[in-house]
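Here's the structure we're looking at; comments come further down.
The values are calculated or read from the model by the stated rules, or taken from the named source; none is laboratory data. Fair warning: this is a prediction, and the values are worked out from it, not measured in the lab. Glycine also receives a Cβ, built like all others from the backbone with ideal geometry; neighbour counts cover every protein chain displayed. In case anyone asks, the SASA skips ligands and DNA or RNA and just uses the protein heavy atoms, side chains included. Shrake-Rupley method; radii C 1.70, N 1.55, O 1.52, S 1.80 Å.
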Amino acid sequence: ILRRIGPAPRRVVDFACGNAAITRAFARALPDADVVGLDFFDEAPPEIAPARYASFAAHDGAPAADLLLCFHALEHDDDPRAFVARLAALVRPGGTMVVEVPNMDCVWTPWFGAACHNWYLPYHRLHFTRSALRALMDGAGMEVVAEQDVCSATIAHSLARALGRDYNLAFFAIGAAFRPLQWLAEKLTRRPSALRIIVRTPT
């Protein structure tokens, strides 16, 4: 991601940071940047350092970011246009946003059917294909910088759902064992388990 966006950002916001693993990784990769994880929790996730944390409410009025990350959050909202506008409001004009979502045109969706983790109903309110994600960004006036295919843990989670079991270490191990095959199948078909789009906000 950092190779794609040009000069190193000075301020980074990880929107809906969850356990803050990505937030922490960016803070370590950008030691001179102010990296902030945002979520609805009142308290910071453990081990977020060297990044810092703020709740959505506490972050209101903070300086705009050069780079905003939003991984696997857009699909949980009912209004994608309003969600993207909310993200863009946190970024300076001409700044960069990186958004990642599950891909409903994934090669594994026909294999697992309704159990495919990319559906994840009712928690995934929206379901994206490559063209739908790009159309959303084009409609919001964003300049598309790059689109990336991402190999995510779809097989392990989908298998657990198909068997009616909770995702655990055993399924993680199965997913890890099949990861090379998963990566190859997604690469050859160009139907990845997740989609990432890098855009610039209007100046």
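Give region 73-85 a look and list any residue that's without any contact (Cβ under 8 Å) to a residue 12 or more places away in the chain, assigned to a helix (DSSP H, G or I) and farther than 28 Å from Cys151 by Cβ, or say none. Ala82 - this is the single residue of region 73-85 that is without any contact (Cβ under 8 Å) to a residue 12 or more places away in the chain, assigned to a helix (DSSP H, G or I) and farther than 28 Å from Cys151 by Cβ.
The single condition among (1) in contact with a Lys or Arg (Cβ under 6 Å, 6 or more places away or on another chain); (2) aliphatic (A, V, I, L, M); (3) part of a strand (DSSP E or B) that Val107 does not meet is (3). Considering only residues that are open to solvent by less than 20 Å² (accessible area, probe 1.4 Å) and on the phi < 0 side of the Ramachandran plot, which ones fall in region 12-29? Result: Val12, Val13, Asp14, Phe15, Cys17, Thr23, Ala27. Return a yes/no flag: does region 6-23 have any residue that is more than 18 Å from Ala85 (Cα to Cα), of a type in the set (Asp, Glu) and part of a strand (DSSP E or B). Among the residues of region 6-23, not one is more than 18 Å from Ala85 (Cα to Cα), of a type in the set (Asp, Glu) and part of a strand (DSSP E or B), which makes the answer no.
Close Cβ contacts (under 6 Å, 6 or more residues apart or on different chains) running from residues in region 24-50 that are in a strand (DSSP E or B) to residues that are open to solvent by 20 Å² or more (accessible area, probe 1.4 Å) and of a type in the set (A, V, I, L, M) comprise Asp39/Ala16.
Working only within region 56-72, note down all residues that are under 20 Å from the mean Cα position of the chain (by Cα), open to solvent by 30 Å² or more (accessible area, probe 1.4 Å) and touching a residue at least 24 places away in the same chain (Cβ under 8 Å). Scanning region 56-72 gives Ala64, Asp66, Phe71, His72.
The condition of being at pLDDT 95 or above, small (Gly, Ala, Ser), touching a Cys at 6+ places or on another chain (Cβ under 8 Å) and within 24 Å of Glu143 (Cα to Cα) holds for only one of Ala85, Ala73, Ala16, Ala65, that being Ala16.
Going by the structure shown, is Ser152 surrounded by 17 or more Cβ atoms within 10 Å (Cβ to Cβ), at pLDDT below 95 and of a type in the set (S, T, N, Q)? Yes. Put simply, of Ala173, Ala185, Ala135, Ala177 the only residue that is in contact (Cβ under 8 Å) with a residue 12 or more places away in the chain and either out of contact with any Leu (no Cβ under 9 Å at 6 or more places or on another chain) or surrounded by fewer than 20 Cβ atoms within 10 Å (Cβ to Cβ) (or both) is Ala185.
Going by what's in this entry, would Arg125 be described as open to solvent by 70 Å² or more (accessible area, probe 1.4 Å), touching an Asp or Glu at 6+ places or on another chain (Cβ under 8 Å) and in contact (Cβ under 8 Å) with a residue 12 or more places away in the chain? Yes. Residue check: Gly94 meets all listed conditions (1) of a type outside the set (Asp, Glu); (2) closer than 18 Å to Ala146 by Cα; (3) in a loop (DSSP other than H, G, I, E, B); (4) open to solvent by less than 30 Å² (accessible area, probe 1.4 Å) but one, namely (3).
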